[in-house]
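Enquirer: Pasting a structure here, questions to come.
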Amino acid sequence: MAGTTALPLQEFIASLDDNCLPKILQVCSGVYFQGSIYEISGSEVCFSTGDLIKVTKIELLSVSCQDVANNETFELPISHTGLFKVVPEEMPYSTVEEMVSLRPVGLDSSLPFTFSSHSKMTIGNLALGAGTALTVLSVEKHKDQEDQVRCLIRGQQEASAEVCIPVSFRGEFYECESEERFTLREIMSSSSLRSRRFRFVNATKCDRPLILSPVYHVQAVMNLRKNVVKFPSSLEVDVVDVTELCKDVNFIVPLSLSEVHSEPNKSFPGVVEIIEDPETRSLFKCSWLPELRKNGHLIFHKKGTSPMILLSTLKSRKTPQYFLVSQQYGGRFRRRPREFNSVYELYVASIHAPGLKVSVTRNCEEVEEEGLPALSVGEQLEVVRCDRMVLPCEGKSGQNQSVEALLCYRLQESDDEDDDDDEDQVKREDEKEEIIMPLYMEGHFVEVLSDNKKYKLCDLGKEFSLPLDVKVVGRDTELEKDPLYGFSCLRIEAAMLEPTIQASFVHKPEYCFEIPTQWLSMSVYFTTDPLPWPKDQPPKFQVERVTEVADTFFYEFRKLGNSDAEPPPRPPKRNMSFSAPPKKTKKSKKANKSKHQADKSVPTKQFSDLTLNNKKRPPAPPPPANEDEPPPLVPRKFSAADQTIGKALPNTYVQMKESTKTGSVPEDENGDSDHDYETVDDTLAVMMKKAQENVMYY
């Protein structure tokens with residue numbers, strides 16, 4: 001910037017026109033150390049010392065009016081309709097030629113104008129006294145002699161005469177106030193007029209001299225600024241013109257990954273530089289993410305939309321893992337049976353897989369008043385449809401309640417040892433036993449699979465609905481290490497179409513990976529660096545097809561997929577008094593109260609992890625119309641066969657002894673003392689059942 005004069009931004013912009021743009025300016029003073037931030041129409045503009053500003057367009061916005069007397073300023077729009085007149089300069093002119101040449105507008109348009117002489121003037125035989133007003137009518141040019149101005153002398157009593165004065169005539173001349181009128185747009189269009197002072201013609205607000213300065217709306221580009229910068233020229237900064245020095249400077253425009261994905265195909269492949277570190281590192285756990293650092297370089301090979309699968313490991317694992325898998329994954333899968341912990345889960349699965357068959361994995365006793373049927377381990381059920389059932393118990397309104405239920409066929413097991421009962425077997429198949437279970441019923445089931453076929457990932461999506469449990473039985477041979485091989489069970493949670501960019505590092509251009517643009521926030525820009533391989537001879541690329549993601553990614557994705565999911569159904573509202581025994585001792589009341597509190601403490605199980613694909617979960621059945629308070633969820637009563645399993649019961653003996661010590665057993669009218677043992681046995685049975693239910697639940 002040596003030899004370059006710094007100018008206020010206002011002054012420099014005013015000297016420009018559209019024909020000389022663009023101009024590159026450098027901020028040199030008038031800003032804070034950390035940069036000046038100006039808020040303009042809700043947007044912020046920050047200028048720091050040394051910043052380069054490439055001005056591409058200017059538009060006259062308004063006029064700044066400065067009161068000469070008190071330095072107060074105000075702005076008027078350029079469309080202001082008021083008129084202004086020129087305030088005569090107090091500085092004298094030494095010759096007529098100087099006065100004519102310094103007219104604020106072109107000479108022809110500024111005529112006539114009036115001036116006076118501070119001293120006596122003698123022109124030939126004509127003598128004019130000091131202060132005589134002379135109005136210049138025209139300038140007469142002569143080839144053979146000096147140019148002259150023809151002036152009108154207005155004397156007293158409206159007498160007038162004309163006189164020609166040589167332009168070289170010397171004296172002390174002062175400009176008189178003119179009757180010319182100008183609009184703001186006319187004043188701003190002339191550099192000579194902009195240098196003069198004005199006052200309002202019909203001034204009721206201000207009759208003092210004003211300095212008028214144009215305020216331009218400036219559009220510019222700056223380095224590492226994504227959008228066009230817009231600001232007024234009235235900002236108090238000093239700039240220098242460095243257009244010639246910086247004519248080869250490229251102004252970098254940062255792009256987000258989504259914006260890169262919107263670039264035309266001709267931009268690929270290309271080398272990009274990372275401007276800002278990724279902001280969403282917590283979503284990914286892949287090997288290439290730590291190498292994405294500021295000022296690092298990548299090769300963007302191509303853009304596209306990739307079909308992807310979201311996989312998760314078993315929830316019983318200590319640390320579940322999640323993977324984004326490209327549909328080009330070459331491994332082979334085999335289906336795994338799904339497990340269900342309620343009838344509602346069966347209902348949801350049957351919506352996407354008609355004819356679903358399951359096997360019971362835990363015995364359950366029948367509870368007639370709850371409408372819960374008995375189930376035995378090994379029984380096979382075929383889901384038919386969703387239906388309604390009427391409970392035998394009455395609600396508080398005194399009417400039997402109808403609830404949503406799942407109708408199934410209880411399948412008869414075939415007996416391979418008895419070959420003589422083929423006709424009976426056919427008869428049993430024709431007469432399938434129906435079983436109906438309310439949707440709120442708890443249970444334990446496992447899917448019955450009939451095929452042992454190996455599938456490609458793309459074939460699984462065509463033949464089955466999600467979610468789907470699978471196992472990798474054949475690794476992808478094109479991967480150095482297949483991270484999916486070795487898991488006993490994987491769940492395909494969802495299928496999606498993801499906008500991706502195939503990228504690689506400059507030092508390893510053949511090892512590519514896909515960046516999901518909607519899940520990674522990072523700013524880059526395209527450089528002019530050459531590609532690291534001979535022209536038209538790219539290497540053979542190996543694309544990473546499995547990307548491990550964090551549980552945060554899984555939860556964020558689940559929010560998008562299940563934002564309007566309905567909760568599972570609740571048990572019906574009923575009259576709890578129907579199950580109370582007709583006669584209770586003091587001890588049995590206490591035991592029943594303890595059991596009721598234990599039932600209430602059981603949390604409601606959530607089923608929000610059932611479905612994460614683009615199909616919405618089926619809505620929960622509508623609750624009954626009865627507005628009475630619903631009872632707590634009642635755990636299933638398991639059969640005595642399950643109770644024989646050797647499991648530790650939590651402090652049952654201590655609870656039993658305390659109950660036998662504190663309780664008093666009343667005798668009946670006959671004084672039979674056997675009731676003492678009967679009551680203790682009842683209490684023990686209640687405690688054991690309660691402990692067993694707690695163990696089975698947790």
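Enquirer: Being under 30 Å from residue 123 (Cβ atoms), in contact with a strand residue (DSSP E or B) (Cβ under 8 Å, 6 or more places away or on another chain) and in contact (Cβ under 8 Å) with a residue 24 or more places away in the chain: is that true of residue 258 here?
Expert: On the way: under 30 Å from residue 123 (Cβ atoms): no; in contact with a strand residue (DSSP E or B) (Cβ under 8 Å, 6 or more places away or on another chain): yes; in contact (Cβ under 8 Å) with a residue 24 or more places away in the chain: yes.
No, not satisfied.
Enquirer: Could you list, in sequence order, the residues of the range 103-124 that are more than 60 Å from the chain's Cα centre (by Cα) and either assigned to a loop (DSSP other than H, G, I, E, B) or at pLDDT below 65 (or both)?
Expert: Pass one, the range 103-124, residues more than 60 Å from the chain's Cα centre (by Cα): 103, 107-124.
Hits for the range 103-124 are 103, 107, 108, 109, 110, 111, 112, 118, 119, 120, 124.
Enquirer: Please enumerate the residues belonging to the range 181-193 that are surrounded by fewer than 17 Cβ atoms within 10 Å (Cβ to Cβ) and at pLDDT 80 or above.
Expert: Taking the range 181-193 and keeping what is surrounded by fewer than 17 Cβ atoms within 10 Å (Cβ to Cβ), we get 181, 183, 185-186, 189-192.
Once the filter is applied, which keeps residues that are surrounded by fewer than 17 Cβ atoms within 10 Å (Cβ to Cβ) and at pLDDT 80 or above, the range 181-193 yields 181, 183, 185, 186, 189.
Enquirer: Looking at the range 318-338 only, could you name the residues that are within 21 Å of residue 455 (Cα to Cα) and of a type in the set (D, E, K, R)? It would help to see each step written out before you state the result.
Expert: Initially, the range 318-338 is screened for residues within 21 Å of residue 455 (Cα to Cα), giving 322-338.
Within the range 318-338, 332, 334, 335, 336, 338 qualify.
Enquirer: Taking the range 388-399 as the search range and keeping residues that are surrounded by 15 or more Cβ atoms within 10 Å (Cβ to Cβ) and closer than 13 Å to residue 439 by Cα, which one is modelled with the lowest pLDDT?
Expert: Among those residues, the one meeting the criterion is 391.
So that you can scan it fast, the table gives a plain yes or no per residue for (1) assigned to a helix (DSSP H, G or I); (2) open to solvent by less than 60 Å² (accessible area, probe 1.4 Å); (3) among the small types (Gly, Ala, Ser); (4) out of contact with any Leu (no Cβ under 8 Å at 6 or more places or on another chain):
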site: 329; (1), (2), (3), (4): no, yes, no, no
site: 351; (1), (2), (3), (4): yes, no, no, yes
site: 355; (1), (2), (3), (4): no, yes, yes, yes
site: 386; (1), (2), (3), (4): no, yes, no, no
site: 401; (1), (2), (3), (4): no, yes, no, no
site: 407; (1), (2), (3), (4): no, yes, no, yes
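Enquirer: Follow-up. Out of everything in the range 361-379 that is touching a helix residue (DSSP H, G or I) at 6+ places or on another chain (Cβ under 9 Å) and not in a strand (DSSP E or B), what residue ends up being nearest to residue 400 (Cα to Cα)? Break it down stepwise before answering.
Expert: First, the residues of the range 361-379 that are touching a helix residue (DSSP H, G or I) at 6+ places or on another chain (Cβ under 9 Å): 362-365, 369, 376-377.
Retained after the next criterion (residues that are not in a strand (DSSP E or B)): 362-363, 365, 369, 376-377.
Details: 362: 29, 363: 28, 365: 22, 369: 11, 376: 28, 377: 31 Å.
Ranking the candidates gives 369 first.
Enquirer: Next up: Would you be able to say whether some residue in the range 447-457 is closer than 12 Å to residue 329 by Cβ, hydrophobic (A, V, I, L, M, F, W, C) and within 38 Å of the chain's Cα centre (by Cα)?
Expert: Taking the range 447-457 first, the residues closer than 12 Å to residue 329 by Cβ are 455-457.
Next, only the ones that are hydrophobic (A, V, I, L, M, F, W, C) stay: 457.
Filter once more, so that each one left must be within 38 Å of the chain's Cα centre (by Cα): 457.
Yes, that holds for at least one residue.
Enquirer: Next question, about the same structure. Considering only residues that are β-branched (Val, Ile, Thr) and under 19 Å from residue 66 (Cβ atoms), which ones fall in the range 205-232?
Expert: Keep residues of the range 205-232 that are β-branched (Val, Ile, Thr), which gives 211, 215, 218, 221, 228-229.
Residues satisfying the conditions are 211, 215.
Enquirer: If you don't mind, another one. Give me a count of the residues in the range 195-212 that are at pLDDT 85 or above, over 16 Å from residue 183 (Cβ atoms) and open to solvent by less than 40 Å² (accessible area, probe 1.4 Å).
Expert: So the count comes out to 1.
Enquirer: Given the condition at pLDDT below 90, out of contact with any Pro (no Cβ under 8 Å at 6 or more places or on another chain) and open to solvent by less than 40 Å² (accessible area, probe 1.4 Å), answer yes or no: does some residue in the range 446-457 qualify?
Expert: yes
Enquirer: Check 462, 481, 471 and return the single one that is in a loop (DSSP other than H, G, I, E, B) and either over 30 Å from residue 256 (Cβ atoms) or open to solvent by 70 Å² or more (accessible area, probe 1.4 Å) (or both). If you could, list the steps in order and put the result at the bottom.
Expert: Details: 462 fails: in a loop (DSSP other than H, G, I, E, B); 471 fails: in a loop (DSSP other than H, G, I, E, B).
From the options 462, 481, 471, the qualifying one is 481.
Enquirer: Further question on the same structure: Can you pull out the residues in the range 225-245 that are of a type in the set (A, V, I, L, M) and loosely packed, with under 13 Cβ neighbours inside 10 Å? Give the derivation first.
Expert: If we filter the range 225-245 for residues that are of a type in the set (A, V, I, L, M), which is where we start, we get 228-229, 235, 237, 239-240, 242, 245.
228 - this is the single residue of the range 225-245 that is of a type in the set (A, V, I, L, M) and loosely packed, with under 13 Cβ neighbours inside 10 Å.
Enquirer: Any idea which of 287, 267, 262 is among the hydroxyl-bearing types (Ser, Thr, Tyr) and open to solvent by less than 80 Å² (accessible area, probe 1.4 Å)? Don't jump to the end; show me each part of the working.
Expert: Details: 287 fails: open to solvent by less than 80 Å² (accessible area, probe 1.4 Å); 262 fails: open to solvent by less than 80 Å² (accessible area, probe 1.4 Å).
The unique qualifying residue is 267.
Enquirer: How many residues does the range 307-348 hold that are under 33 Å from the mean Cα position of the chain (by Cα) and of a type outside the set (D, E, K, R)?
Expert: Narrowing the range 307-348 to residues under 33 Å from the mean Cα position of the chain (by Cα): 307-329, 345, 348.
So of that shortlist, the ones also of a type outside the set (D, E, K, R) come out as 307-314, 316, 319-329, 348.
Number satisfying all stated conditions: 21.
Enquirer: Next question, about the same structure. Of everything in the range 307-325, what is among the hydroxyl-bearing types (Ser, Thr, Tyr), in contact with a strand residue (DSSP E or B) (Cβ under 9 Å, 6 or more places away or on another chain) and open to solvent by 10 Å² or more (accessible area, probe 1.4 Å)? Give them in sequence order. Full working, then the answer.
Expert: If we filter the range 307-325 for residues that are among the hydroxyl-bearing types (Ser, Thr, Tyr), which is where we start, we get 312-313, 316, 319, 322.
Keeping just the survivors that are in contact with a strand residue (DSSP E or B) (Cβ under 9 Å, 6 or more places away or on another chain) gives 312-313, 319, 322.
Scanning the range 307-325 gives 319, 322.
Let's see how each residue does on (1) at pLDDT below 90; (2) surrounded by 15 or more Cβ atoms within 10 Å (Cβ to Cβ); (3) over 14 Å from residue 324 (Cα atoms); (4) not aliphatic (A, V, I, L, M):
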| position | (1), (2), (3), (4) |
| --- | --- |
| 511 | no, yes, yes, yes |
| 524 | no, yes, yes, no |
| 527 | no, no, yes, yes |
| 530 | no, no, yes, yes |
| 534 | no, no, yes, yes |
| 548 | no, yes, no, yes |
| 559 | yes, no, yes, yes |
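Enquirer: Moving to a separate point now. Can you tell me which residue within the range 289-331, out of those that are within 22 Å of residue 509 (Cα to Cα) and of a type in the set (Phe, Trp, Tyr), is modelled with the lowest pLDDT?
Expert: Taking the candidates together, the pick is 329.
Enquirer: I've got another one for you. Output the strands (runs of 3 or more DSSP E) that fall wholly within the range 1-47 and possess 3 or more residues being of a type outside the set (Asp, Glu) and either open to solvent by 50 Å² or more (accessible area, probe 1.4 Å) or at pLDDT 65 or above (or both), or say none. Show your work before the answer.
Expert: On the way: elements: 23-29, 36-40, 43-47.
Where strands (runs of 3 or more DSSP E) fall fully within the range 1-47 and carry at least 3 residues being of a type outside the set (Asp, Glu) and either open to solvent by 50 Å² or more (accessible area, probe 1.4 Å) or at pLDDT 65 or above (or both), they are 23-29, 43-47.
The values are calculated or read from the model by the stated rules, or taken from the named source; none is laboratory data. Since the model is a prediction, treat every value here as computed from it, not as a measurement. Backbone-built Cβ (ideal geometry, glycine too); neighbour counts: all protein chains shown. Keep in mind that these areas ignore ligands, DNA and RNA; they rest on the heavy atoms of the full protein, side chains included. Shrake-Rupley method; radii C 1.70, N 1.55, O 1.52, S 1.80 Å.
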